[in-house]
Amino acid sequence: MITIPFNRPCILGNEQAYILQAIANGHAAGDGSFTKKCHAFLEQQLGVPKALLTTSCTHALEMAALLLNLGPGDEVIFPSFTFVSTVNAFVLRGVRPIFADVRPDTLNLDERQLERLITPRTRAVVPVHYAGVGCEMDTIMAIAAQHNLAVVEDNAHGLFGKYRGRYLGTFGALATQSFHETKNFTCGEGGALLINDVQYIERAEIIREKGTNRSRFFRGQVDKYTWVDIGSSYLPSDLLAAFLYAQFEVHERIQGIRRRIWETYAVELRDWALRNGVQLPYVPDHCEQAYHMFYMLMPSLEVRQAFIAHLKAQGILAVFHYLPLHLSDMGRKFGGRVGDCPVTERISDQLVRLPFFNDLDESMQARVIEAVRSFQVRL
């Protein structure tokens, strides 16, 4: 029986009260008062020109592909070690994905391989800030500028993380956030599109509103609204925004809790990891992480599976993460082969994530740490 889950959503503020208030306001659909508060919070905290809540990070990525007018014949570069949504949102537009390997230290897109993957058909690159640790954005942005490529940051893990003192999600023309229940801040299912290049703002509002200029109508800029572009319904309910805004209000508390959890794991497991040939997360000095997850790289797939079983026998759920996208059924259709991304292929077999959620208290974490320490790697 699992007594310590890998993740669970929790209430830390006015979530329930704000949902009732949203209902009382008489506007439970999208773009109500709480949605606007979430937009303002993200814009002010991150210093971005525009933030738009979406129903998921997947939908924010789909909007990015639409805004860049990507289609058949275009290529976009992605890390193979990421969630399927990162790539699928662009493949839906007819894009051919080009898979890059990741760095063995941060598990982020390996910027040293980027230039050789660029062809005359390349239109964009999508770095993913894995575990909320920043990719090498200086190099990525310089290469993108040299080749006239758009950069879309998948920052699902990284809200409030920084690279060289600057918030993740503020480098590319566009960036996306996730508010899925496994993230630091959640409304169950949700996301956001961050727009750093102001040329995309007006069209983003249109795409998000089913291809209509409804946003301009409500601002009094037109006397009626109509269908003016392609689009879909990407607006989350204001009930979800109410829950999310309550979490934003206590964002410093949430980040403080998660920092305590991450640092406790790091300190308490350091010696055990050294003795057993286990790699702990690496955070470069020029990065400030978002404290999204705590993972470990075990020596082999067999050891990883035995470790997960060992914790499960003690009522603790640990999980592995992404499988290499270039070796998936779809990835192979786009030409993916064994050996294309050797680091991704290796770490996918080795990585395990420990329980990490906002109300993981000290006693529960102590149980996890004790269970981890009782496991001895046998090579």
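Here the Karplus relation 6.51 cos²θ - 1.76 cosθ + 1.60, evaluated at θ = phi - 60°, turns the backbone of the range 292-297 into coupling constants of 7, 8, 10, 10, 9, 10 Hz, with x for every Gly and Pro. Net charge dipole, the range 251-373: roughly 280 debye, given to the nearest 20, about the Cα centre with Cβ charges of +1 for Lys and Arg and -1 for Asp and Glu.
If you count the DSSP beta bridges with both ends in the range 15-249, what percent of them are antiparallel, to the nearest 5?
Numbers: 15 of 29 bridges.
Antiparallel bridges: around 50 percent, rounded to the nearest 5.
Residues whose amide H falls under 5 Å from that of residue 358, counting only those 5 or more places apart or on a different chain, are 8, with hydrogens built in the peptide plane. In the chain, the longest principal axis of the Cα atoms and the axis of helix 251-276 are about 30 degrees apart.
Net charge in the neighbourhood of residue 114 (other residues with Cβ under 13 Å of its Cβ; Lys, Arg +1, Asp, Glu -1) is -4.
What is the Rg over Rh value, at two decimals, for the range 80-158, using alpha-carbon atoms and the Kirkwood definition of Rh?
On the way: Rg = 11.8 Å, Rh = 12.8 Å.
The Rg/Rh ratio comes out at 0.92.
In the chain, the calculated helix contribution to ellipticity at 222 nm averages -11500 deg cm²/dmol per residue, counting -39,500 (n - 2.57) for every DSSP H run with n ≥ 4.
With contacts taken as Cα pairs under 8 Å at a separation of at least 6 residues, the range 251-373 carries a relative contact order of 32 percent. Taking 0.36 nm per residue of sequence separation and removing the Cα-Cα distance, the residue 44/residue 199 pair yields an extension gain of 53.9 nm.
Taking Cα atoms only, the orientation of helix 238-249 departs from the longest principal axis of the chain by about 60 degrees. Say we join alpha carbon atoms closer than 10 Å with springs in a Gaussian network model of the chain; which of 201, 19, 230 then has the biggest fluctuation? Greatest mean-square fluctuation among the candidates belongs to 230. The GNM of the chain, with springs linking C-alpha atoms under 10 angstrom apart, assigns the highest mean-square fluctuation among 57, 341, 135 to 341.
What's the angle, to the nearest 10 degrees (0 to 90), between helix 301-313's Cα axis and the longest principal axis of the chain? For helix 301-313, the angle is close to 90 degrees. Phi angles of the range 356-369 translate, via the Karplus equation with coefficients 6.51, -1.76, 1.60 and θ = phi - 60°, into HN-Hα couplings of 7, 8, 5, 10, 6, 7, 5, 5, 5, 5, 4, 5, 4, 4 Hz per residue; Gly and Pro are given as x.
Sorting the segments 244-250, 170-176 by their mean number of nearby beta carbons within 10 angstrom, highest to lowest, gives 170-176, 244-250. The order of the peptides 283-296, 356-369, 178-191 by mean Cβ neighbours within 10 Å, most packed first, is 178-191, 283-296, 356-369. Couplings 3J(HN,Hα) for the range 194-201, derived from phi with the Karplus relation 6.51 cos²θ - 1.76 cosθ + 1.60 (θ = phi - 60°), are 9, 10, 9, 9, 5, 5, 9, 5 Hz, where x marks Gly and Pro.
When only Cα pairs under 8 Å and 6 or more residues apart are kept, what is the percent relative contact order across the chain? Write down the numbers at each step before the final one.
On the way: 778 pairs, mean separation 85.8, N = 379.
Once normalised by length, the contact order is 23 percent.
Bear in mind these aren't lab numbers, they're just calculated from the coordinates by the rules spelled out. What you see is a predicted model; the values in this text were computed from it and never measured. Don't worry about glycine lacking a Cβ; one is built from the backbone with ideal geometry, like all the others, and counts go over all protein chains shown.
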